[in-house]
Amino acid sequence: MKLGLFYEHQLPQPWEEGSEQNLFNNALEQIELADRLGFDHMWEVEHHFLEEYSHSSAPEVFLGAVSQRTKNIRIGHGICLSSPNYNHPARVAERLATLDILSGGRVEWGTGESGSLIEMHGFGIEPEQKTAMWREGVEQTANMMTMRPYPGYAGQFFSMPVRNIVPKPVQKPHPPIWMACSRRESILRAARNGVGALVFGFVEASQAKVWRDEYYQIIKSEECVPIGHSVNANIATLNGMMVHEHGEEAMRRGLDGFRFFGYSIAHYAVYGEHRPGRTNLWKRFQAIKDDMKETPGSGSIGTPKSVREHLKSYADAGIDQMIFIQQSGMNRHEHICEAIELFANEVMPTLKEREDERVKRKQEELAPFIAAALVRKPRMAELTDEQVPNVESIGVVLERRAGKDYASAGGTYADPTRGGAIPMASRETFAKAAKVG
């Protein structure tokens, strides 16, 4: 089973000067440590306006820093919001490719719709639209990373003309695609689209096995029609994590933070009402935390032995990756680092045992099914050379719109106010170069 770390950049109140900077710097140190110790993945969310719960609104910037401070760990957008209202597909393609280059081909492309109205309405999205927006954004971003040029698109939620999106990613045809899932229905939809299922919910191993088996049944069936240009057949799920030699101390260090994670999700996505800049989530949580008796997903908070046994049940169920929440609630940086190190020394070896063999067997088993799925994928037609249009420069366009002809007046440039300090070629030189091709 692969092992990953998950970051929301949670920051409960009260906030002090420099607290956000410390939070980000601590996260970078934790990820550096995890990279050295052999963790496989790290995942960083994208959220907007979710005070205290997630201050991670520009994950592509944070992940750029991660790419330069790590060597081996896979770098996951977990997730990049896929609606064109949040992120224009061309910008997603450009950022993913740039990050893939900077990291040496280590990017995992997590996609998703968003689950809170405070975010959706902030960007002009209605819940009824979000699945169609996800599909349009993901499908066209994948096309942009693989086509030269991208033929252009006139869709329901965005349109753009023919352009060649650069740079292109290191990983071909593009980084592996995942989809955020919280229910059985979305897990099965991920399989139908040929993408990995990031199960951002807490389930026991027995339930996880049922979902895992259903997921792979669809991957192997004619229902699987890839949304991208490759199939990423993987299922990952989520746990809290705090390991200590004494179980009670692990609970003391990690349980409240994990409970806050669940409470704040409920606040923004299920039950709550939020007054921007005024509501104090941590204060509200303190009043009810002892009432939160049920804590699914907390099985990785405990001693190395108990955590090892808990996680082995997921590995035996065939889960491909377990992802552990970090920086939840008021969890302390030094406790997180100690837990990561103890986990790597005493829990990880059992879970890594024969992992390469498992992956190889799985790839061999799925290869014919994936090949068949890729044949079913509908593809945009490539443009012929004759179909690729010329795009005029702004100087020529503005000259024409202004009804002026600087050339007949002896002007060297289409816009006589430009070029004095920049060694540009003249109009005549451009005309000569254009004949070359």
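The values are calculated or read from the model by the stated rules, or taken from the named source; none is laboratory data. A quick note: this is a predicted structure, and the numbers were derived from the prediction, not measured. Cβ: placed from backbone, ideal geometry, glycine included. Neighbour counts: every protein chain shown. The area values use the complete protein model at the heavy-atom level, side chains included, leaving out ligands, DNA and RNA. Shrake-Rupley method; radii C 1.70, N 1.55, O 1.52, S 1.80 Å.
Summed over the stretch 153-181, the residues that are in a strand (DSSP E or B) and more than 28 Å from Asn390 (Cβ to Cβ) give a count of 5. Only residues that are in a helix (DSSP H, G or I) and surrounded by 20 or more Cβ atoms within 10 Å (Cβ to Cβ) were counted across the stretch 190-204, and they come to 2.
Taking the criterion of being more than 13 Å from the chain's Cα centre (by Cα), closer than 21 Å to Ile227 by Cα and crowded, with 21+ Cβ neighbours inside 10 Å, the only residue of the stretch 98-133 that qualifies is Met133. Within the stretch 308-357, being open to solvent by 80 Å² or more (accessible area, probe 1.4 Å) and among the β-branched types (Val, Ile, Thr) holds for no residue. Among the conditions (1) open to solvent by less than 50 Å² (accessible area, probe 1.4 Å); (2) at pLDDT 95 or above; (3) of a type outside the set (Gly, Ala, Ser), Thr295 misses just one, which is (2).
Taken together, the residues in the stretch 258-294 that are closer than 11 Å to Glu52 by Cβ and in a loop (DSSP other than H, G, I, E, B) amount to 3.
Name the single residue that is surrounded by the fewest Cβ atoms within 10 Å (Cβ to Cβ) among those in the stretch 382-398 being among the aliphatic types (A, V, I, L, M) and over 14 Å from Arg163 (Cβ atoms). Taking the candidates together, the pick is Ile394. Every condition in (1) in contact with an Asp or Glu (Cβ under 9 Å, 6 or more places away or on another chain); (2) in contact (Cβ under 8 Å) with a residue 60 or more places away in the chain; (3) open to solvent by less than 10 Å² (accessible area, probe 1.4 Å); (4) part of a helix (DSSP H, G or I) is met by Arg212 except one, and the failing one is (3). Checking the condition surrounded by fewer than 16 Cβ atoms within 10 Å (Cβ to Cβ), of a type in the set (A, V, I, L, M, F, W, C), at negative phi and at pLDDT 95 or above, which residue from Val166, Val138 passes? Exactly one of Val166, Val138 is surrounded by fewer than 16 Cβ atoms within 10 Å (Cβ to Cβ), of a type in the set (A, V, I, L, M, F, W, C), at negative phi and at pLDDT 95 or above, namely Val166. Here Glu60 clears all of (1) within 12 Å of the chain's Cα centre (by Cα); (2) crowded, with 24+ Cβ neighbours inside 10 Å except the condition numbered (2).
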